[in-house]
Amino acid sequence: MKERMTPCCNGDPADWRPLNGGQRRARLIVGVALLSLALALPWSAASSIALAIIAGWLGATHVIAAAMAYPGCPELGAVPSLLLGRWVRIGCTPWRWLDAKLNLTTCSHERTPRSSLG
């Protein structure tokens, strides 16, 4: 039987919890790295400016998501959630996968087993 793939921004309302400490640190690290990249890029060519703006947006939204413990897609839902004063439920499959790979999630069905090397 084929496993059904869900798109990036399809959140499961039953599994909507605030980020834990490890997940918040991961979002913060990614956000700071992207903001640093945005500041380090040259502001001379139009393509560099566009790349810096995109990296800055991604970095800022990840930092906001970490500060709010926002569990959804940072680039799409963190700022609207902040402005509306409530969570905008937009899930993010890449972060769910990464959280599971790094064992940052508290959900038992999302944890990946660690292999024993004997």
### Message
I'd like to verify a number: residues in the range 27-44 that are of a type in the set (A, V, I, L, M, F, W, C), surrounded by fewer than 16 Cβ atoms within 10 Å (Cβ to Cβ) and assigned to a loop (DSSP other than H, G, I, E, B), how many?
### Response
1
### Query
Is the range 43-57 home to any residue that is modelled with pLDDT under 95, in contact with a helix residue (DSSP H, G or I) (Cβ under 9 Å, 6 or more places away or on another chain), more than 27 Å from Val88 (Cα to Cα) and of a type outside the set (D, E, K, R)?
yes
## Note on the structure
The number of residues in the range 55-86 that are open to solvent by 80 Å² or more (accessible area, probe 1.4 Å) and in contact (Cβ under 8 Å) with a residue 40 or more places away in the chain is 1
### Message
Restricting to the range 87-109, name every residue that is open to solvent by 10 Å² or more (accessible area, probe 1.4 Å), within 22 Å of Ala55 (Cα to Cα) and assigned to a helix (DSSP H, G or I).
### Response
Thr93, Pro94, Trp95, Arg96, Trp97, Leu98
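The values are calculated or read from the model by the stated rules, or taken from the named source; none is laboratory data. Source: prediction; values computed, not measured. Neighbour counts are summed over all protein chains in view; Cβ atoms, including those assigned to glycine, are modelled from backbone coordinates with ideal geometry. Calculation scope for accessible area: heavy atoms of the full protein, side chains included, ligands and nucleic acids excluded. Shrake-Rupley method; radii C 1.70, N 1.55, O 1.52, S 1.80 Å.
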